[in-house]
Amino acid sequence: MSRIWDALKLAQKHRVPRPSPEDFDPLASPSSSVAAASESDRRKSDRTPCSFLILVYGSDSDHQPFHEEVETLDFTDAGCSLNLETLVEQGQRLFLTNMDNNLEAEARVVNIGRRFGGHSRVGLEFSRPSSSFWSRP
């Protein structure tokens, strides 16, 4: 039992602390410590916290068509994260329409967080990176 306890203590020492909401400076550049990717972060570019109104459509986990209007939590040229009410599966293909500029993109589900309040935080990766998808008209 003490080997397990020792291993847990060692793992806890090497854990990267998560930033608290107080650490977020809305006027800071995207390369600030909150937006910058940590060593364990697998994203290819920095996330930018920003809200875009997006129409997400495709098939749910039961292969039934769905569509939801949601706001992004953050985005990169390679994708975004958002909260979805619809149940989706990792690897599933979805389609997005930016409601500000009517640009469309195909994406796949790369991450699904725990459900909370009837929604899951979902990470999406575009089939082709596109900074123009996020442009404002």
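What does the charge add up to near Thr72, with Lys and Arg as +1, Asp and Glu as -1, over the other residues with Cβ less than 12 Å from its Cβ? Numbers along the way, then the final one.
On the way: positive: Arg47, Arg121; negative: Glu69, Glu71, Asp74, Asp100.
Counting the neighbours of Thr72, the net charge comes to -2.
If I compute solvent accessible area with a 1.4 Å probe over the protein chains, what percent of it on segment 43-137 is carbon and sulfur? If you can, show how the numbers build up before the last one.
Numbers: 2640 of 5610 Å².
Accessible surface attributable to carbon and sulfur in segment 43-137 totals 47 percent.
Hey, rough spin-label estimate for Ser61 and Ser131, points 7 angstrom out along Cα→Cβ, what's it come to in nanometres?
Reported label-point gap for Ser61 and Ser131 is 3.7 nm.
Working only with C-alpha atoms, what are the Rg and Dmax values of segment 53-137, expressed in angstrom?
Reported Rg and Dmax, both Å: 11.8, 36.
Quick one: what are the phi-derived ³J(HN,Hα) couplings along segment 75-92, Karplus 6.51/-1.76/1.60 with θ = phi - 60°, whole Hz, x for glycine and proline?
8, 9, 5, 9, x, 6, 10, 7, 9, 10, 7, 5, 6, 10, 10, 4, x, 5
Quick one: dipole size for segment 74-137, taken about the Cα centre, charges +1 on Lys/Arg Cβ and -1 on Asp/Glu Cβ, in debye to the nearest 20.
Here the size comes out at about 180 debye.
What order, most packed first, do the peptides 54-63, 72-81 have when packing is the mean number of other Cβ atoms within 10 Å of each residue? Present the calculation step by step, with values, prior to reporting the outcome.
Values: 54-63: 14.9, 72-81: 20.5.
Peptide ranking by packing, descending: 72-81, 54-63.
Which net charge results for the neighbourhood of Ser59, defined as the other residues with beta-carbon distances under 15 angstrom from its beta-carbon, given Lys and Arg at +1 and Asp and Glu at -1?
Taking every other residue near Ser59 into account, the sum is -4.
The values are calculated or read from the model by the stated rules, or taken from the named source; none is laboratory data. Owing to the predicted nature of the structure, the values given are computational and were not obtained by experimental measurement. In this analysis, Cβ positions are derived from the backbone assuming ideal geometry, glycine residues included, and neighbour counts consider all displayed protein chains. Remember, those area values only see protein heavy atoms, side chains included, never the ligands or the DNA or RNA. Shrake-Rupley method; radii C 1.70, N 1.55, O 1.52, S 1.80 Å.
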